[in-house]
Amino acid sequence: MPRRRSCRRGRGQLVLCAWLLAPVAAGAQEGPKLFISVDMEGIGGVGTGAMTSSSGKDYGTARRLMTDEINAVVAAIFARGPAQVVVNDSHGDHQNVLHTELDPRVTYIQGAIKPLGMVQGLDASFDGAMFIGYHARAGDPNGFLAHTGTGSVKGLWLNDHEVGEAGMNAAFAGMHGVPVILVSGDSAFVAEAHGFLDAEAVVTKTAVTPSAARLEHPERVRAKLGAAVGTALDRLARGDIRAWSVGAPVRIRMRFDSTTHVEILQSIPGMSKEDGFTAAYTARDADQAYRLIRLMYRFVQE
Ligand SMILES: [Zn+2]
């Protein structure tokens, strides 16, 4: 059974977290329960597409950087006291982190065959979520390696909010009442996130072109993340960060680079065509929407 969330915000009032207020209260010894989804394009020190591909030059370096960056975030969390931390590998085949070198205080979810993809493991028992190493949505001209899901997706809308991966993940978290408290990635991604999220944010690089980046040194990125974790946890404890909601039901519109993909998707009952490139479906809520979106772009292929 999921643990009741210890940080709740009542209507018009702030409710402080049990894990801050009462060290001897039940559950207080556990500290906040935090979910970290980690992608690779936005990790500090990753500046080419090749680094993010398992067959590419310097992929091993990118894995090392990803692992070290997570450990910096985790160290900052535990520097403040006890916590429960789940790390979900969220890039490519979801087998990137050098997981035997992760801080042993975390649990780690590996492998991409999972219906909830980048948010697998996240539910209403968590107090907050962090999106680390993220990138901007498909089509952002200022983004580094910007995309949404796969290269075949050209746009995604949830109830008329145009979203990328961070938006779909935040909508899922929000439906379960979980606020996104920290994000990191390239400057275009952070600008995108600030458009709808109230989270602390760390810029790790700036795109020079869509596939080249001016990098901040990874050590500097880790230091900034450590400081941002502290601010994010302070704000979470004050009930000062809102979960993001797209409401319910959720109208999904997904635009593809070919008409064939949209045509194949018509086999799903309830799916319609908004135009030749755009499939549409009304899901009952953000949870159902998320599962279908993942199916649409990842498990249905031309
Ligand atoms: Zn990725």
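When a footprinting reagent is the concern and you count Cβ atoms within 10 Å, what order do Phe196, Phe35 take, fewest first? All intermediate terms of the calculation are to be shown ahead of the outcome.
Details: Phe196 18, Phe35 26.
Lowest count first: Phe196, Phe35.
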How high is the FRET efficiency from Thr206 to Thr231, r the C-beta distance, R0 25 Å, rounded to 0.05? 0.70
Pair Ala191, Ser245: separation of 7 Å Cα→Cβ label points (nm): 3.1 nm
When the chain is modelled as a GNM with alpha-carbon springs shorter than 10 Å, which of Ala171, Ala136, Ala75 fluctuates the most? Ala75
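Filter Lys33/Lys57; Lys57/Lys273; Lys33/Lys154; Lys33/Lys273; Lys33/Lys205 down to the pairs with a C-alpha to C-alpha distance above 32 Å, please. Please report the intermediate quantities before stating the final value.
Values: Lys33/Lys57 36 Å; Lys57/Lys273 40 Å; Lys33/Lys154 34 Å; Lys33/Lys273 40 Å; Lys33/Lys205 29 Å.
Violating the 32 Å limit, Cα to Cα: Lys33/Lys57; Lys57/Lys273; Lys33/Lys154; Lys33/Lys273.
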Can you check what the net charge comes to around Ile132, using other residues whose Cβ is under 10 Å from the Cβ of Ile132 (Lys, Arg +1; Asp, Glu -1)? -2
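If you restrict to DSSP beta bridges whose two residues both lie in the chain, what percentage is antiparallel, to the nearest 5?
Values: 21 of 44 bridges.
Around 50 percent antiparallel, to the nearest 5.
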Can you put Tyr297, Tyr59 in order of Cβ neighbours within 10 angstrom, beginning with the fewest? Tyr59, Tyr297
With only Lys, Arg, Asp and Glu charged, each at its Cβ (+1 for the first two, -1 for the last two), find how big the charge dipole of the chain is about the Cα centre; round to the nearest 20 debye. 740 debye
In the Gaussian network model of the chain, springs joining C-alpha atoms below 10 Å, which of Arg222, Arg64, Arg137 carries the largest mean-square fluctuation? Arg64
Build a GNM of the chain with springs between Cα atoms under 10 Å: which of Asp39, Asp198, Asp127 gets the top mean-square fluctuation? Asp198
Could you tell me the center-to-center distance, by alpha carbons, between the stretch 46-61 and the stretch 71-137 in angstrom? 20 Å
Calculate for the chain the 222 nm mean residue ellipticity that helices alone would give, adding -39,500 (n - 2.57) per DSSP H run of length 4 or more and normalising by residue count, nearest 500 deg cm²/dmol. -8000 deg cm²/dmol
If each residue's Cβ is checked for other Cβ atoms within 10 Å, how do Leu116, Leu295 rank with the fewest at the top? Leu295, Leu116
Taking R0 as 22 Å, what FRET efficiency do you get between Lys57 and Glu101 from their Cβ-Cβ distance, rounded to the nearest 0.05? 0.50
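Read the figures in this text as sums done on the coordinates, not as results from a lab. Please read these numbers as outputs of a predicted model, since none were measured by experiment. Here the Cβ is made from the backbone with ideal geometry for all residues, glycine too, and neighbour counts use every protein chain on show.
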